[in-house]
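The values are calculated or read from the model by the stated rules, or taken from the named source; none is laboratory data. If you're wondering where the values come from, they're calculated on a predicted model, not measured in any experiment. A quick note on method: Cβ atoms are made from the backbone with ideal geometry, for glycine too, and the neighbour counts reach across all protein chains shown. Please note that ligands, DNA and RNA were not included when accessible areas were found on the heavy atoms of the full protein model with its side chains. Shrake-Rupley method; radii C 1.70, N 1.55, O 1.52, S 1.80 Å.
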Amino acid sequence: MFFRWLLILRKPSNRLWLAPAYSAIFAILFAFAAHLADTFLPPHILPEIHLEVVENLLNIISTSMLAVSTFSLSIIVSAVASASSGATPRATDLVVNDGASRRTIASFISALIYAIIAKTALGLELYALNGRFIIFISTIAILLYVIMRLIAWVYTLSQLGRMGNTLDKIYQSAEQSLLNYRQSPQLGASWQGKVGLQASQLLANDTGYLIHIDMNKLQSLAEKSNTYLHINVRTGELIMPNTVLAEIDNIADNENDFRQAFVLDKQRTFQQDPRWGLIVFSEVAQRALSPAVNDPGTAIIVMTKVMKLFIQSPEEKPEPEFNRLSINTLNCQEFISDCFAPIIRDGGAILEVHLNMQKVLAGIWQNAPEPELRECAQITAKDYLQRAKTTLPFEQDFRQLKQKHDSLFTQ
């Protein structure tokens, strides 16, 4: 249950309000902690600061931060709407999860709450001379920090919500997810055996997308039950009631505990799902190729970024650690078809899309670290060349495309 709550708190839609909440709590505690200076320090040891000076500074913070916070939140809402309409609605979580935006909003809101609490405490005469000096110094520090955040926020505003920025965020998430997969394609499972004929099936009892498999919990449960487990599903799959999640070698009495290790949600996420980033990239390209937008350049940029993802060499693979678990393998053909098939379908009448697709597939064929992925790229390039016979309206375009294909795949 704790792990499930941790996943919920890490969701981008929740992290946007969590950071201001933490900062607000810290601001409240710090405002009251200044009173300790009057308790533990000798009287009049710190310089005297007039009450009006501190109140004027707090007034500046409280009045300005309310307007700035409201304005910043409206900017984020506009950026999310821009990413949804210009790229794909599936990219909105990445915009919301922008670290600079979350830190800026948290800074503005916490400064506002600090100013309100400190001003109220001053009015109640909670602080003596020492406490008033501490509040003065901390207020100056907060003003300097807020100014720095405002300068950084101006740069963020110049990028937030733009197509290039959204593509970069999708790339970063997809890159990390694919890197995690390449380091551990089996998620650490190392059992090479097969479940027996009398194995019991672990059935799902809910509907949703599988977003996480808690391999540590499954390994622990398998050790306690002295059994072995073969996982039949991968993250990203749509799970329905009675879907076979896994097969347990020996009949276990605690099947519900095993079932709790499979976390479902209403939509897919990037963390354990390497295909999801490729699908989101494909949706951006499809929107760009739609008649209403007619922007093949964005589709070409997407193809280039996907090629860069595929040809990156993985880092050292960690040692398998789950010797009682096995899992279904992913088909590399699905990686390529998830992203490129919709692009070549929607851009089938555009020669430039076909030419760049052949270049991209040739780059994957020559440089991808996995032999299976290289072979899939070569087969897919031939298939797309055959498809172009029926989609390219001008015969001369097809001849040009075939020449490019032959030159790229005969090296």
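Go through region 251-270 and count every residue that is surrounded by 14 or more Cβ atoms within 10 Å (Cβ to Cβ), part of a loop (DSSP other than H, G, I, E, B) and touching a Gly at 6+ places or on another chain (Cβ under 8 Å).
Here the count works out to 2.
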Exercise for the section: Quickly run through region 77-101 and pick out the residues that are touching a Leu at 6+ places or on another chain (Cβ under 9 Å), surrounded by fewer than 20 Cβ atoms within 10 Å (Cβ to Cβ) and not small (G, A, S). Expected result: N97
Exercise for the section: Determine whether region 335-350 contains at least one residue that is without any contact (Cβ under 8 Å) to a residue 12 or more places away in the chain and of a type in the set (V, I, T). Expected result: no
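Across region 163-182, what is the total count of residues that are aliphatic (A, V, I, L, M), open to solvent by 40 Å² or more (accessible area, probe 1.4 Å) and either within 21 Å of E315 (Cα to Cα) or not in a helix (DSSP H, G or I) (or both)?
1
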Problem - Of residues in region 284-299 being assigned to a helix (DSSP H, G or I) and open to solvent by 40 Å² or more (accessible area, probe 1.4 Å), the one nearest to S84 (Cα to Cα) - result: R287
Exercise for the section: Name the one entry in S173, S138, S200, S190 that is polar (S, T, N, Q), in contact (Cβ under 8 Å) with a residue 12 or more places away in the chain and in contact with a Gly (Cβ under 6 Å, 6 or more places away or on another chain). Expected result: S173
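When you look at Y228, is it surrounded by 15 or more Cβ atoms within 10 Å (Cβ to Cβ), hydroxyl-bearing (S, T, Y), touching a strand residue (DSSP E or B) at 6+ places or on another chain (Cβ under 9 Å) and under 23 Å from F335 (Cα atoms), yes or no?
Values: surrounded by 15 or more Cβ atoms within 10 Å (Cβ to Cβ): yes; hydroxyl-bearing (S, T, Y): yes; touching a strand residue (DSSP E or B) at 6+ places or on another chain (Cβ under 9 Å): yes; under 23 Å from F335 (Cα atoms): no.
Criteria not met by Y228.
Looking at G123, G164, G131, can you tell me which residue is out of contact with any Phe, Trp or Tyr (no Cβ under 6 Å at 6 or more places or on another chain) and within 30 Å of A292 (Cβ to Cβ)? If you could, list the steps in order and put the result at the bottom.
Values: G123 fails: within 30 Å of A292 (Cβ to Cβ); G131 fails: within 30 Å of A292 (Cβ to Cβ).
Exactly one of G123, G164, G131 is out of contact with any Phe, Trp or Tyr (no Cβ under 6 Å at 6 or more places or on another chain) and within 30 Å of A292 (Cβ to Cβ), namely G164.
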Fill in the blank from the handout: Note: among I142, I147, just one is within 26 Å of N97 (Cβ to Cβ), open to solvent by less than 60 Å² (accessible area, probe 1.4 Å) and more than 26 Å from the chain's Cα centre (by Cα), namely I142
Exercise for the section: Scan (1) closer than 30 Å to W191 by Cβ; (2) in a helix (DSSP H, G or I); (3) open to solvent by 80 Å² or more (accessible area, probe 1.4 Å) for the single condition T329 breaks and write down its number. Expected result: (2)
Handout entry: Odd one out for V302 among (1) in a loop (DSSP other than H, G, I, E, B); (2) surrounded by 15 or more Cβ atoms within 10 Å (Cβ to Cβ); (3) touching a helix residue (DSSP H, G or I) at 6+ places or on another chain (Cβ under 7 Å)
Key = (1)
Fill in the blank from the handout: If we keep only residues of region 18-72 that are within 20 Å of I151 (Cβ to Cβ) and of a type in the set (G, A, S), then the residue surrounded by the most Cβ atoms within 10 Å (Cβ to Cβ) is S72
Problem - The one condition in (1) in contact (Cβ under 8 Å) with a residue 24 or more places away in the chain; (2) under 18 Å from P320 (Cα atoms); (3) more than 17 Å from the chain's Cα centre (by Cα) that T243 fails to fulfil - result: (2)
Exercise for the section: Might you let me know whether region 385-395 holds any residue that is aliphatic (A, V, I, L, M) and assigned to a helix (DSSP H, G or I)? Expected result: yes
Problem - Total residues in region 333-362, condition buried (at least 19 other Cβ atoms within 10 Å of the Cβ) and in a helix (DSSP H, G or I) - result: 17
Completion exercise
Of all helices (runs of 4 or more DSSP H) fully inside region 1-84, the set with 1 or more residues that are within 16 Å of A121 (Cβ to Cβ), among the aliphatic types (A, V, I, L, M) and modelled with pLDDT of 75 or more is 12-33, 36-40
